[in-house]
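Below is one structure, written out as structure tokens, with a few remarks after it.
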Amino acid sequence: MFVFVAFLYRKGFLDNYVGMQIKTTRTFLRYLIVHKGIGISEHYKTFYVIKEETPVVVISLEQLKFILLDKLFLDHLPEKLKLARDIFIFGCSVGLRISDLLSLKQAHLVCEQGNIYLIKRSIKSSTDTRIKLPDCCLEITNKDNQVTLFPIKTAISFCSLLASVAAASA
């Protein structure tokens, strides 16, 4: 298990994700022993679940306005950081989880009575969401005609890019 944990950390995963993997492994091994009668070592009980408190980061209205409206700042950002900025602004505007944001497709945008709406079912909770998009989101969705609105594969990639945007805006 320690080799697996070291592998996850080398890949850049954080404590809460690594802890979730350990917990899932423990649950699976217990299931094999209790429900399937497979005789394996109870060494799994020594696996320690790692967990950390994730700090809540709050952005001020002034900071959001700067990231949203400052053209000089935007012009000096590399393309990847512009994409992270766009995802951040879109996410602040619509309030979706990062997993839902990264899975958005053009098909989730619907025009009704001259307004563009985002219609999406949450991946985590299967809750339907219907949101009228503000102008700043419409500008972001009109940038290119890709099937996926935001071509970033993982939340970890997004978080590291967003940290770079924050550093550039400071």
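Structure values in brief
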quantity: Dipole of the chain, positive end: most advanced residue of ALA168, THR129, LEU74 [Cβ charges, Cα centre]; calculated: THR129
quantity: Gyration tensor verdict on segment 2-46 (Cα atoms; rounded if a/c is under 1.5, prolate if a/b is larger than b/c, oblate otherwise); calculated: prolate
quantity: Computed P(r) (all Cα pairs; the chain; 5 Å bins; percent); calculated: 1, 7, 13, 15, 15, 13, 11, 8, 6, 5, 3, 2, 0, 0
quantity: Kyte-Doolittle at least -0.5, axis length at least 24 Å by Cα - qualifying DSSP helices, the chain; calculated: 15-34
quantity: Of every Cα-Cα pair in segment 54-102, the percent that sits beyond 12 Å; calculated: 68 percent
quantity: Exposure proxy ranking, count of Cβ atoms within 10 Å, fewest first, for HIS108, HIS35; calculated: HIS35, HIS108
quantity: FRET efficiency for ALA163 and GLU139, using Cβ-Cβ distance with R0 set to 22 Å, rounded to 0.05; calculated: 0.40
quantity: For peptides 86-99, 12-25, sequence by mean Cβ density within 10 Å, most packed first; calculated: 86-99, 12-25
quantity: Lys, Arg +1 and Asp, Glu -1 on Cβ, resulting dipole of segment 61-169 about Cα centre, debye, nearest 20; calculated: 360 debye
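Throughout, read-outs are computed from the coordinates displayed, never taken from laboratory work. Quick caveat: nothing in here was measured; it's all calculated off a predicted structure. Note that each Cβ is placed from the backbone with ideal geometry, even for glycine, and that neighbours are counted across all protein chains shown.
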